[in-house]
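The values are calculated or read from the model by the stated rules, or taken from the named source; none is laboratory data. Keep in mind that what you see is a predicted model, and the values were worked out from it rather than measured. Ideal geometry is used to build each Cβ from the backbone, glycine not excepted, and the neighbour counts take in all protein chains shown. Each accessible area value is taken on the protein alone, full model and side chains, heavy atoms only, with ligands, DNA and RNA left out. Shrake-Rupley method; radii C 1.70, N 1.55, O 1.52, S 1.80 Å.
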Amino acid sequence: MKQPVRVAVTGAAGQICYSLLFRIASGEMLGNDQPVILQLLEITPALKVLEAVKMELNDCAFPLLQEVVCTDDPAVAFKDADYGLMVGAKPRGPGMERADLLKDNGKIFSTLGKIINDVASANMKICVVGNPANTNAYILMKNAPNLNPRNITALTRLDHNRAIYQLAAKTGKAMSGIRKMTIWGNHSTTQVPDITHTTVDNAAATDMVDSDWVNNEFMPKVAKRGAEVIAARGSSSAASAANGVVDHMRSWVLGTEEGDWVSMAVYSDGSYGIEAGLIYSYPVTCQNGDWKIVTGLENSEFINKQMKASEKELQEERDTCSDLFA
Ligand code: NAX
């Protein structure tokens, strides 16, 4: 039996976590031979609900679940954590500007970054989910200089999976035959869902659909899918977001499949002309617990322009929050 690993999860009494925690405990995220200790963080008023989540986790009798810690103290939640899933954040309320959301949630991530810097292992692998995810990851990174910046990532796998579904639905092919989907940029409506290099049953996706559908239906549909779910459900995507986190971490820790890649928002090294240091979504392959940006892809002028627009949005978000990091 492997040694248990510690998974810290914030916002643990919320919607996404009500799906996510059970899938981590069942072994779907880190492998069905990997025991886990869950270290769950919530704000004080949500601790009672969190206790109920703990009761339900225990009542599942998951063989891999060794312990569940519930706390409102980030220093307890992140102590010696091997993985950090940063879900906790405020949702955007009525009449709230994007800039207000940036400021409010940015503060959460600057505070947590400082605490993580002191108590967590320098090798802790982090996935930021709370919005604005890329910029929150950037703020956390700037406040946690002891951490390896390569280990601070943000979630765009939900967008990636949404894109696979849209292409499968359009072509009438199985999702399992789709490889090399790409989401570039920010987890926002400026994201760039890109099928230029995608294959469907080993054939080029671009030969199966016309560019008018790609540019005017597929791209906006994927980028605005979150809003479509909110409009139908009354609250934001939860189970599919949790599934995105499971996929993101599983690919990172256990590796991507030969001949495929996944989308992750990672620390930019300047690839594809994007400012180095931004947390930007790229196609990546993963092996031995590390990710690598796929290089050398030829992009059209149209895609390049969209990628630059998403980079610009990230630069602006960062500049709005510059008081939250040195
Ligand atoms: P909920 O409002 O259901 O849950 C959030 C939880 O976080 C609440 O229980 C709250 O008490 C807790 N929380 C707030 N501040 C905290 C803090 N400082 N420390 C610890 N916990 C704290 O939201 P949920 O539906 O779970 O969504 C969580 C976040 O994910 C939101 O910011 C949402 O916008 C974002 N999303 C990100 C997605 C992505 O692909 N990156 C997609 C889904 C989702 O929109």
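Remarks
- Rounded to the nearest 20 debye, dipole of region 157-318 from Cβ charges on Lys, Arg, Asp, Glu: 460
- Annotation: aspartates and glutamates with alpha-carbon distance below 16 angstrom to Lys48 (same-chain offsets under eight excluded): Glu56, Asp72, Asp73.
- Local electrostatic count, Ser322, Cβ distance below 12 Å [Lys/Arg +1, Asp/Glu -1]: -1
- Pairs over the 19 Å Cα-Cα cut-off, from the set Lys107/Lys142; Lys114/Lys292; Lys103/Lys224; Lys79/Lys114; Lys114/Lys142; Lys90/Lys308: Lys114/Lys292; Lys103/Lys224; Lys90/Lys308.
- Relative contact order of the chain, pairs being alpha-carbon contacts under 8 Å that are 6 or more residues apart, as %: 17
- Sorted from greatest to least, the principal axis extents spanned by the alpha carbons of the chain come out as 52, 44, 39 Å.
- Neighbours of Tyr165 by Cβ distance under 15 Å: Lys/Arg scored +1, Asp/Glu scored -1, total +4.
- Carbon plus sulfur fraction of accessible area for region 157-318, probe 1.4 Å, in percent: 46
- Farthest positive-ward along region 5-154 dipole, Cα basis, beta-carbon charges - from Ile16, Asn105, Met29: Asn105
- Think of the chain as having a plus end and a minus end, set by charges on the Cβ of Lys, Arg, Asp and Glu; of Pro63, Phe325, Leu47, Leu47 sits farthest toward the positive end of this dipole.
- Model label points for Asn146 and Lys48, set 7 angstrom from Cα along the Cα-to-Cβ axis, are 3.6 nm apart.
- Computed over protein heavy atoms with a 1.4 Å probe, the accessible surface of region 1-52 works out to 43 Å² per residue.
- Rounded to the nearest 20 debye, the dipole size of the chain about its Cα centre is 300 debye, using +1 on the Cβ of Lys and Arg and -1 on the Cβ of Asp and Glu.
- Helix content alone sets the calculated 222 nm mean residue ellipticity of the chain: runs of n ≥ 4 DSSP H residues at -39500 (n - 2.57) each, divided across all residues, give -12500 deg cm²/dmol.
- Stretch gain in nm, segment Ser26-Trp213, where the contour uses 0.36 nm per residue and the Cα spacing is subtracted: 63.4 nm
- Rolling a 1.4 Å probe over the protein heavy atoms of region 85-127, with every protein chain left in place, gives an accessible area that is 54 percent carbon and sulfur.
- Rounded to the nearest whole Hz, the Karplus-based 3J(HN,Hα) values (6.51 cos²θ - 1.76 cosθ + 1.60, θ = phi - 60°) of region 156-168 follow the sequence 10, 5, 4, 4, 4, 5, 4, 5, 4, 4, 4, 5, 4, with x at glycine and proline.
- With K and R counted +1 and D and E -1, the other residues having a Cβ less than 9 Å from that of Asn186 yield a net charge of -3.
- In the chain the longest region clear of GluC sites (Glu not before Pro) that are loop-assigned by DSSP and have at most 12 other C-beta atoms within 10 Å covers 98-256.
- Span per principal axis, largest first, for the Cα atoms of region 5-154 (Å): 43, 36, 24
- In Hz, Karplus ³J(HN,Hα) per residue of region 132-144 (6.51, -1.76, 1.60; θ = phi - 60°; x = Gly, Pro): x, 4, 4, 6, 4, 4, 4, 5, 4, 4, 5, 8, 10
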